[in-house]
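Down below is the structure, laid out as structure tokens.
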Amino acid sequence: MTVEVDSSAKFTEYAHPERLVSTDWLQAHLGTPGLVVVESDEDVLLYETGHIPGSVKIDWHTDLNDPVQRDYIDGEGFAKLLGSKGISRDSTVVIYGDKNNWWAAYALWVFTLFGHEDVRLLDGGRAKWEAEGREYTTEVPTPAAVDYPVVERNDAPIRAYKDDVLAHFGNPLIDVRSPEEFSGERTTAPAYPEEGALRAGHIPSAQNMPWGKAAADDGTFRGLGELNALYRDGAGLRDGDSVIAYCRIGERSSHTWFVLTHLLGFDGVRNYDGSWTEWGSAVRVPIVKGVEPGAVPAAR
Amino acid sequence: MTTSDLPEALAQIREDFLGLEQRDRLLLLLEFANELPELPAQYAEHPDLLERVEECQSPVFIFVEVDENRIVHLHATAPKEAPTTRGFASILVQGLAGLTVDDVLGVPDDYPNTIGLTEAVSPLRIRGMTALLGRTKRQIREKVAA
């Protein structure tokens with residue numbers, strides 16, 4: 001029941017053009033059987049202020065994260081969530097959101113942990129839809145619940161844990177946080193609550209490539225040439241590399257994971273979702289401060 | 001902590017949230033977001049006076065005035081793309097309106113965790129509101145000491 005792919009010229013140069021749809025395509029396909037549009041934002045209330053007609057909301061905190069353990073929901077939870085949103089295993093899912101699709105890419109990555117096959121991003125996300133003056137509604141759809149099979153997560157191909165990072169040294173690491181976070185400069189003044197990590201800096205040998213560079217001013221992904229300049233020329237990635245990307249909790253690096261995997265066609269890119277909030281508080285892991293990546297530690 | 005420890009407006013806001021189902025709590029938060037007043041002109045034209053609340057995921061800026069009667073006036077601004085943050089700020093602007101320095105300093109620091117939003121919004125996001133309250137109190141202390 002897969003809905004036809006968007007054959008826009010812009011997407012054809014990417015490794016997996018079927019992972020993107022344009023605002024024009026989405027407008028023309030709203031209501032197509034087999035298509036479910038999902039909004040996923042940083043701000044939990046944004047959907048309520050108005051959303052693309054017919055779209056359902058999935059929130060990264062309250063829906064995709066396990067409420068107790070620091071992990072994602074399990075196969076049963078995912079089946080229940082998707083079924084309640086009217087998504088079947090063979091549905092074509094288009095996800096869009098705020099902040100250059102930052103959280104939409106995160107949701108897409110979580111969908112991929114469960115092997116949901118046809119999941120795409122709306123190029124440009126909420127901002128582009130809005131800038132083009134397209135319709136929003138506050139009407140919340142009430143989809144009939146459908147059966148979504150219980151499929152257990154398969155983390156290994158696209159998710160890295162701390163031990164995987166320790167064993168990965170010698171292979172490329174991409175730190176997608178801001179330069180200030182990378183260098184370990186304190187961004188908050190003393191006596192203010194410090195968020196999440198006990199130490200500042202970055203994982204040794206990581207190249208700093210802030211995630212937002214992959215997006216143009218209108219929120220769409222940059223063209224292949226520009227992306228190659230950033231990730232191949234800039235961050236030094238080469239075909240065949242095994243790459244791990246990280247940020248603070250794994251959301252911004254989901255965006256980079258999408259770019260490397262689906263737009264540039266790298267195989268075996270993993271997202272380290274423990275990211276700095278785990279690494280920066282872990283005992284006896286190596287850390288480098290300053291703007292240089294630093295020496296490669298021996299893999300453990 | 002009992003409700004009687006809280007200033008009346010904050011107690012009422014808490015009661016209103018707790019009386020609702022999770023989903024409706026979000027809609028009430030959205031109402032608050034829509035009610036956040038515009039900054040008074042003298043602050044809107046002076047962004048240098050505003051303090052950014054770094055702990056919030058979205059840009060939010062606050063400014064606290066203490067008048068000659070030791071009454072606190074909290075001003076806040078956040079973009080419309082950040083309704084949750086606007087809602088948090090609006091709860092505090094309304095809940096603290098007309099209170100004295102001592103009243104505001106006496107508001108429990110964990111008030112944001114007690115109004116029934118940790119499940120609907122998530123504990124991480126609530127930290128933004130806790131930071132708003134903390135920074136408001138710090139600005140008051142600095143102004144009273146000066």
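The values are calculated or read from the model by the stated rules, or taken from the named source; none is laboratory data. Just so it is clear, the model here is predicted, and its values are computed rather than measured. Cβ coordinates were reconstructed from backbone atoms using ideal geometry, including for glycine residues, and neighbour counts include every protein chain displayed. Heavy atoms of the whole protein, side chains included, go into the accessibility calculation; ligands, DNA and RNA do not. Shrake-Rupley method; radii C 1.70, N 1.55, O 1.52, S 1.80 Å.
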Discussion item. Return the residues of the stretch B:29-49 that are within 15 Å of the chain's Cα centre (by Cα) and either surrounded by 14 or more Cβ atoms within 10 Å (Cβ to Cβ) or within 9 Å of chain A (Cβ to nearest Cβ) (or both); say none if nothing qualifies.
Written reply: B:Leu29, B:Leu30, B:Phe32, B:Ala33, B:Asn34, B:Leu36, B:Leu39
Discussion item. Condition (residue is open to solvent by less than 60 Å² (accessible area, probe 1.4 Å), within 13 Å of another protein chain (Cβ to nearest Cβ) and either among the basic types (Lys, Arg) or farther than 20 Å from A:Glu48 by Cα (or both)) applied to the stretch B:75-98: is it met by at least one residue?
Written reply: yes
Item to complete: For A:Ser242, work out the one condition from (1) in contact with a Gly (Cβ under 8 Å, 6 or more places away or on another chain); (2) closer than 17 Å to A:Val110 by Cβ it doesn't fulfil.
Response: (2)
Response to the item:
Of the residues in the stretch B:17-28 that are assigned to a helix (DSSP H, G or I) and open to solvent by less than 70 Å² (accessible area, probe 1.4 Å), the one that is farthest from the other protein chains (Cβ to nearest Cβ) is B:Phe17
Response to the item:
Reported set for the stretch B:102-128 where residues are under 15 Å from the mean Cα position of the chain (by Cα), away from chain A (no Cβ under 12 Å) and part of a helix (DSSP H, G or I) is B:Asp103, B:Val104, B:Leu105, B:Tyr111, B:Pro112, B:Asn113, B:Thr114
Item to complete: List every residue pair whose Cβ atoms lie under 9 Å apart, where the two residues are 6 or more positions apart in sequence or sit on different chains, the first residue falls within the stretch A:216-239 and is on the phi > 0 side of the Ramachandran plot, and the second residue, located anywhere, is open to solvent by 50 Å² or more (accessible area, probe 1.4 Å) and not in a loop (DSSP other than H, G, I, E, B).
Response: A:Gly219/A:Ala127; A:Gly219/A:Ala131; A:Gly236/A:Gln207
Worksheet entry | Matching residues, the stretch A:19-60, being in a strand (DSSP E or B) and acidic (Asp, Glu) | A:Glu39
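Conditions (1) more than 27 Å from A:Gly196 (Cβ to Cβ); (2) in contact (Cβ under 8 Å) with a residue 24 or more places away in the chain, marked per residue:
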| position | (1), (2) |
| --- | --- |
| B:Leu18 | yes, yes |
| B:Asp24 | yes, no |
| B:Asp48 | yes, no |
| B:Pro79 | no, no |
| B:Phe88 | no, yes |
Response to the item:
Scanning the stretch A:48-61 for residues that are open to solvent by less than 10 Å² (accessible area, probe 1.4 Å), over 18 Å from the mean Cα position of the chain (by Cα) and within 11 Å of another protein chain (Cβ to nearest Cβ) gives A:Gly50
Fill in: Top-ranked residue in the stretch B:129-146 [being within 14 Å of chain A (Cβ to nearest Cβ) and more than 13 Å from the chain's Cα centre (by Cα); ranked as farthest from B:Glu8 (Cα to Cα)]
B:Glu142
Item to complete: Mind counting the residues in the stretch A:103-146 that are surrounded by fewer than 19 Cβ atoms within 10 Å (Cβ to Cβ) and in a helix (DSSP H, G or I)?
Response: 2
Discussion item. Looking at the structure I just gave you, is B:Val66 among the aliphatic types (A, V, I, L, M), more than 10 Å from chain A (Cβ to nearest Cβ) and crowded, with 22+ Cβ neighbours inside 10 Å?
Written reply: no
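Table: residues versus (1) under 30 Å from B:Thr85 (Cβ atoms); (2) within 14 Å of chain B (Cβ to nearest Cβ); (3) not basic (Lys, Arg).
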{"residue": "A:Ser7", "(1), (2), (3)": "no, no, yes"}
{"residue": "A:Tyr14", "(1), (2), (3)": "no, no, yes"}
{"residue": "A:Val21", "(1), (2), (3)": "yes, no, yes"}
{"residue": "A:Leu35", "(1), (2), (3)": "no, no, yes"}
{"residue": "A:Glu42", "(1), (2), (3)": "yes, yes, yes"}
{"residue": "A:Asp63", "(1), (2), (3)": "yes, yes, yes"}
